[in-house]
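Q: Got a structure for you, questions after.
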Amino acid sequence: MPLPDSIVGYTQADGVRVRLLLEDRFLLIDHAQVYSSQPSLGCFSSISCVSAPSTAILQQNSIVYFNVLWAELLPSTLQSQLPVLTIDYCKVKNDKKATLDRVSFLIDDQNERACEAWIDNLLKKSYRNSIRNKRLLVLINPFGGQGTAMTRYKKYSAPILAAARCRVEEIETKYRGHAAEIIENMEELEQKFDAIVCCSGDGIPHEVFNGLSKRTNAAAAFKMPVCQLPCGSGNALCLNLVGSNDLSFATLSVVKGIPISVDLCSLTQDNKRYITFLSQALGMIADCDLGTENMRWMGDSRFTVGLIMRVLAGAKYPCRVSVRILHESRTQIRQVYQEHKNNQYASTSEHTQLPDLKYGTVHDPVPEDWKSIDTSSLAVFYVGKMPWMSSDALFFPAALPRDGYLDMILIDSSIPKKEIFSILLGVAEGKHFDSKYLHYYKVDAYRIEPKARSGYISIDGESFNFAPFQVELHAGLGTVLSRTGEFQAPGV
């Protein structure tokens, strides 16, 4: 028997008859009272009924299914002599900012069974591509950003997770590397949870992926979706998967998130192997990210000021880059992007264990088919797997979740300074992509060997030793929760 698409209820405040209709994309709340044929709930009680015109008074509101968190029918009480239908949802503004809200309606006793069936239909439509009552492991970094992660989580995230009837286990990390230890050592992780939620910046997701890589069942563990509630100074994972750094909207997107597979990378440095999910940088970008700690009092402006200072000073970062380039012309890259962008990135992986390194480690000989570049004038070396590095930095507009490529950017300090500024100013909207002074490659492996004695290397926004390292991509190894099943970026 098909589930009902509509139900009739009454507003609690004044007993006005309301029709709740399940449309294709949203719940329609129709405050339509035709006085000539349909009485209000007040007419069934001791409340006097005042005559009214025979014309219909219409007021319609709607709630898109994505925003619906939960619905249930509460039994009658002394305060409410009829059962009460409650619908918890998020109000979402055009700028992707969300607030938790609830609507309630009285239901006639004889309509209880029909209402229960209607609720089932509503929740099926609202969670069409995602899991209801998600079991979430929430890792909260109290030190990230401004040190307000726990306070903000309790205020903006926890109420939404509770309204969605998610089952949550919260753990507060105590020190750097703690999240990796938790994930590596937790028993029955895959059986207990549907997703790992990082209430932090990008450092905790980095630790989580590395913790997963050290589990005895690493390949199976990587099928566990990872997501982020933006509570740090860098929240690129959330920005790419959700399209907003609003904490409430990000929480809604966790509740409704769709698991998709994403490419991850192995990085070898010294005698260690790491997993990197976001980016690797040397040169001005790493310098401004990690080398401006003394300017933290400036807030987000410290990065911009640091960049201007280094461009004007003509900063150079001598190194040797060896890379397996797969596409290098803008035309090729656009074609590859269009070929891959409509793929369905279902959460599946061909890996049965942590993949072997096809190209060895940083200590092995460079493969013969790689291109090597020796330079004494490199300004920017930046490699990414996601489009947005921050809300005003669309560095890698051609990046896709599972296309099998890393996007590499090289900028030489020998070009005119005004052109470097032009490239960096264009990053906010991805306009730098077409600059003739910018080298933009699709690659799947590389090695970089810095020649200076000291400097900064940034991996997923984290500081690493200033030493040679090698990276290779593993297609579809990881899993994340995406709001729509893709990255939230305009593309090329």
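Q: Calculate the all-directions average of the projected area of region 261-323's alpha-carbon convex hull, and give it in nm².
A: Projected area, direction-averaged: 6.6 nm².
Q: Suppose only helical runs count, i.e. DSSP H with n ≥ 4. What mean residue ellipticity at 222 nm does that imply for the chain under -39500 (n - 2.57) per run, divided by all residues and rounded to the nearest 500 deg cm²/dmol?
A: It lands at -6000 deg cm²/dmol.
Q: Computed FRET efficiency, Cβ-Cβ of S62 and L326, R0 60 Å: what is it to the nearest 0.05?
A: 0.85
Q: Enumerate the lysines that K417 could reach by cross-link, defined here as Cα to Cα under 28 Å, with residues fewer than 8 away along the same chain left out.
A: Straight-line reach from K417, under 28 Å: K316, K371, K385, K431, K436, K442, K451.
Q: Shape call for region 176-288 from the C-alpha gyration tensor, a ≥ b ≥ c root eigenvalues: rounded (a/c under 1.5), prolate (a/b greater than b/c) or oblate?
A: Oblate shape, in that a/c is at least 1.5 and b/c is the bigger or equal ratio.
Q: Give me the three principal axis extents of region 371-472 from the C-alpha atoms, as integers in angstrom, largest value leading.
A: 36, 34, 27
Q: Rg and Dmax of region 219-281, using alpha carbons, in Å: what are they?
A: Computed over the Cα atoms of region 219-281, radius of gyration and Dmax are 13.7, 41 Å.
Q: For the pair Q335 and F466, how long in nm is the line joining their label points, each one 7 Å along Cα→Cβ?
A: It is 4.2 nm.
Q: Oh, and also: Report, ordered by chain and residue number, the aspartates and glutamates lying within cross-link reach of K93, taken as a straight Cα distance under 14 Å and ignoring same-chain residues fewer than 8 apart.
A: By straight Cα distance, K93 reaches D101, D246.
Q: Would you kindly state how much longer the chain becomes between V305 and L425 on full extension, computed as 0.36 nm times their sequence separation minus their alpha carbon distance, in nm to one decimal? Please report the intermediate quantities before stating the final value.
A: Details: separation 120, 0.36 × 120 = 43.20 nm, distance 1.28 nm.
Fully extending the segment from V305 to L425 adds 41.9 nm.
Q: Also: Can you give the FRET efficiency for T77 and R132, using 1/(1 + (r/R0)^6), R0 = 41 Å, r = Cβ-Cβ distance, to the nearest 0.05?
A: 0.95
Q: Rounded to a whole number, what % of the accessible area of the chain do carbon and sulfur atoms account for, probe 1.4 Å?
A: After summing per-atom areas, the C and S share lands at 48 percent.
Q: Note the full-extension length gain between D270 and S372 as 0.36 nm times their separation in residues minus their Cα-Cα distance, in nm to one decimal.
A: In short, 34.7 nm is gained.
Q: What is the set of long-range amide H partners of I325 at a cut-off below 5 Å, with H atoms built 1.01 Å from backbone N?
A: Hits under the 5 Å cutoff: K371.
Q: Same structure again: Tabulate in residue order the Karplus-calculated ³J(HN,Hα) for region 312-328, using 6.51 cos²θ - 1.76 cosθ + 1.60 with θ = phi - 60°, rounded to whole Hz; enter x for Gly and Pro.
A: Result, ordered by residue: 5, 7, x, 4, 10, 9, x, 6, 10, 10, 10, 8, 9, 7, 9, 8, 10 Hz.
Q: What lysines could a cross-link reach from K134, if we take a straight Cα to Cα line under 17 Å and drop same-chain neighbours fewer than 8 places away?
A: Result set, ordered by chain and number: K124, K125, K192, K223, K256.
Q: Quick one: which residues, 5 or more positions from H439 or on another chain, have an amide H under 5 Å from its amide H? H modelled 1.01 Å from N in the peptide plane, none for Pro or chain starts.
A: L410
Q: Rg/Rh for region 113-152: what does it come to with C-alpha atoms and Rh from Kirkwood?
A: Using only Cα positions, Rg/Rh for region 113-152 is 1.32.
Q: Can you give the FRET efficiency to the nearest 0.05 for Q12 and M150, using r as the Cβ-Cβ distance and R₀ = 41 Å?
A: After rounding, the FRET efficiency stands at 0.70.
Q: Something else about it: If you keep only loop residues by DSSP, which chymotrypsin sites (Phe, Trp or Tyr not before Pro) in region 134-215 have at most 11 other Cβ atoms within 10 Å of their Cβ? Let's see the in-between values first.
A: Working: sites: F143, Y153, Y156, Y175, F193, F209; in loops: F143, Y175, F193.
Answer by residue number: Y175.
Q: If you build the convex hull over the alpha carbons only and average its shadow over all orientations, what do you get for the chain? Give it in nm² to one decimal.
A: The Cα convex hull of the chain, projected and averaged over all directions, gives 28.2 nm².
Q: Return one whole number: the accessible area per residue of region 93-192 in Å², for a 1.4 Å probe. List each step's numbers first, then the result.
A: Working: 5590 Å² over 100 residues.
With all protein chains present, region 93-192 gives 56 Å² per residue.
Q: So, one more: Using only the alpha carbons of region 89-228, determine the length spanned along each of the three principal axes and report them from longest to shortest in whole angstroms.
A: Here the Cα extents, ordered largest to smallest, are 57, 35, 24 Å.
The values are calculated or read from the model by the stated rules, or taken from the named source; none is laboratory data. These numbers were taken from a predicted model, which means no experiment stands behind them. As a convention, Cβ positions derive from the backbone with ideal geometry for all residues, glycine included, and neighbour counts pool all protein chains shown. Accessible surface areas use protein heavy atoms only, side chains included; no ligands, DNA or RNA. Shrake-Rupley method; radii C 1.70, N 1.55, O 1.52, S 1.80 Å.
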